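Asker: The structure under discussion is supplied below as structure tokens; questions concerning it will follow.
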């Protein structure tokens, strides 16, 4: 049993046997699938055998440069094979991988580098200026991945080229001790990694205050991966197209890791562009895809939608927010159903999922518990655990739940109940079948005249208005009612919406106190990398 720096006890294997961490997965998979494609990127296939060789050599090179168990290695870049190689090389050494959001400003990256205590930063050349600015004045060694047509920067001291780093390592390794299969190598396998050891620090979206670093252990990631394989029917013949950024835990934990563990194929896309994604699905015969409602909506609105062959798709996962009815219907016409879900960084991220065959009957819900996870509802006023139909805060428990926040024992203590359940901060309720519906973030709930207004409920109603492509409802101060709802809406080209039309559409659907009486039409909604609307920014706009 391992005790974390926060004092919280980390999850133990409970298997009466030693199980190594995720870094060893590539070697183990190469034994079984050496000549099978692991990654397809820019038209090139990398087999599991090739990937294992590169991961081992990168791990040896990082160790030679001083990376030791427990050290933090950060990565700043878009979707690229070097992300995958760096992840597995770092965790193979027992070091901790820190994926950074490419959309952050240098000052925001500086905070995360400092907070995590990063000693090595790997970045793509496209983000060289940002990486250099964020690392300036810090004792951080840097490695730069020459990416496509981007010029390789002139390397100052402590900055090296990624491929040169790999090439500096041997191609063959001395076996460490007695023969094991797969073997352990001198210079790489310094000590056994357990499921209780930290593997990742992923910073939360930071919708309020400074982002917190969620520490995910090898066990957290392993159990979440197994649950994903079970619940989403991932097989060795699956071809999972990754269109969302890998630095986001959903793409990493619910897409990359399950695909790799099963020996399936990762169809890695550099970025999301609707037309490119549709073309890739058709040409690469993708079987699995994950995204947020906006990505699916953009694909169905693309001119190529009607003519693109997407018949290879078997599973479509979606998180971040409920899928609008019109999007569900558009894909249903193509014979496809969504498997929605609910999760968070701290849960690696899976908490709940909707089986595709329940997607239509349970539309609007976020599903039942993931295979190894539990959740319950606690009334926020009485503090009691409540049954179906009663609203309250969702609490989660399972081997995929993080043990602590990095350097934040105060936040860790606040995040867990006395009996060990994680407080999600989300308000929801379950039905008689155990399907949970998320009605709001606790902090986003609007209290108007003593009545609770759940913004997600209002947003779903507004989404049914023709031409609405996006919506966010926030509470604004009101002298009479304390707070009242205010709507921010994005529209499709050629559509208009005014307050009178909005109210007329909502009156048959919602109580009057829930209906926004004020409205802003905006070009786009501010979102985090995971697709969640940053409502604190919108509240600031209303306040000013």
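All of the numbers you see were taken from the coordinates with simple rules; none came from a lab. Computed from a predicted model, the values in this text were never measured in an experiment. Ideal geometry is used to build each Cβ from the backbone, glycine not excepted, and the neighbour counts take in all protein chains shown.
Asker: Among DSSP beta bridges lying fully in the chain, give the percent that are antiparallel, nearest 5.
Answerer: Working: 50 of 88 bridges.
Given both bridge residues lie in the chain, the antiparallel proportion sits at roughly 55 percent.
Asker: For region 407-502, just list the percent of Cα-Cα distances falling in each 10 Å bin from zero outward, please.
Answerer: Over region 407-502, the share of Cα pairs per 10 Å bin runs 13, 32, 30, 19, 6, 0 percent.
Asker: Neighbouring Cβ atoms within 10 Å as the yardstick, rank 218, 486 fewest first. Each step should come with its number before you reach the end.
Answerer: Details: 218 27, 486 22.
Ordered by Cβ neighbours within 10 Å, fewest first: 486, 218.
Asker: Nearest 5 is fine: what % of DSSP beta bridges in region 453-543 come out antiparallel, could you say? Before the final figure, lay out the partial values.
Answerer: Values: 11 of 15 bridges.
Rounded to the nearest five, the antiparallel share is 75 percent.
Asker: Using a/c under 1.5 as the rounded threshold, could you call region 21-76 rounded, prolate or oblate? The axes a ≥ b ≥ c are square roots of the C-alpha gyration tensor eigenvalues, and prolate needs a/b larger than b/c, oblate otherwise. Don't skip to the answer; put the middle values down first.
Answerer: On the way: a/c = 2.39, a/b = 1.68, b/c = 1.42.
Prolate is the answer for region 21-76, as a/c is 1.5 or above and a/b outweighs b/c.
Asker: Sticking with this structure for a sec: Given the chain reduced to its alpha-carbon atoms as identical point scatterers, what log10 I(q)/I(0) does the Debye formula return at q = 0.06, 0.10 Å⁻¹?
Answerer: -0.29, -0.83
Asker: Please list, short to long, the whole-number percent of alpha-carbon pairs of region 453-543 in consecutive 10 angstrom bins beginning at zero.
Answerer: Binned Cα distances yield the sequence 16, 53, 28, 2.
Asker: Then there's this: Using alpha-carbon positions, what is the distance between the centroids of region 27-49 and region 307-328, in Å?
Answerer: Rounded to whole Å, the Cα centres lie 27 Å apart.
Asker: If one takes the longest principal axis of the Cα atoms in the chain, at what angle in degrees, from 0 to 90 and to the nearest 10, does the Cα axis of helix 81-92 lie?
Answerer: The answer is roughly 70 degrees.
Asker: With n ≥ 4 as the cut-off for DSSP H runs, can you work out [θ] at 222 nm for the chain, using -39500 (n - 2.57) per run divided by the number of residues, rounded to the nearest 500?
Answerer: On the way: 15 runs with 143 residues, N = 544.
Calculated at 222 nm, the ellipticity per residue is -7500 deg cm²/dmol.
Asker: How far, in nm, would the chain grow between residue 511 and residue 443 when pulled straight, counting 0.36 nm per residue and subtracting the alpha carbon separation? If you can, show how the numbers build up before the last one.
Answerer: Numbers: separation 68, 0.36 × 68 = 24.48 nm, distance 2.13 nm.
Computed gain between residue 511 and residue 443 is 22.4 nm.
Asker: Cβ neighbours within 10 Å, averaged per peptide: list 73-81, 128-136 in order, most packed at the top. Before the final figure, lay out the partial values.
Answerer: On the way: 73-81: 23.8, 128-136: 19.1.
The packing order, highest mean first, is 73-81, 128-136.
Asker: In degrees from 0 to 90, rounded to the nearest 10, what is the angle of the helix 106-116 Cα long axis to the longest principal axis of the chain?
Answerer: With rounding to tens, the tilt is 60 degrees.
Asker: Related question: According to the Kirkwood expression over distinct Cα-Cα pairs, how big is the hydrodynamic radius of region 233-364, in Å? Display every interim value, and only then the final one.
Answerer: Numbers: mean 1/r = 0.0679 Å⁻¹.
Averaging 1/r across every pair of different Cα atoms and inverting gives 14.7 Å.
Asker: Which Rg and Dmax, in Å, describe the Cα atoms of region 65-133?
Answerer: 11.4, 30
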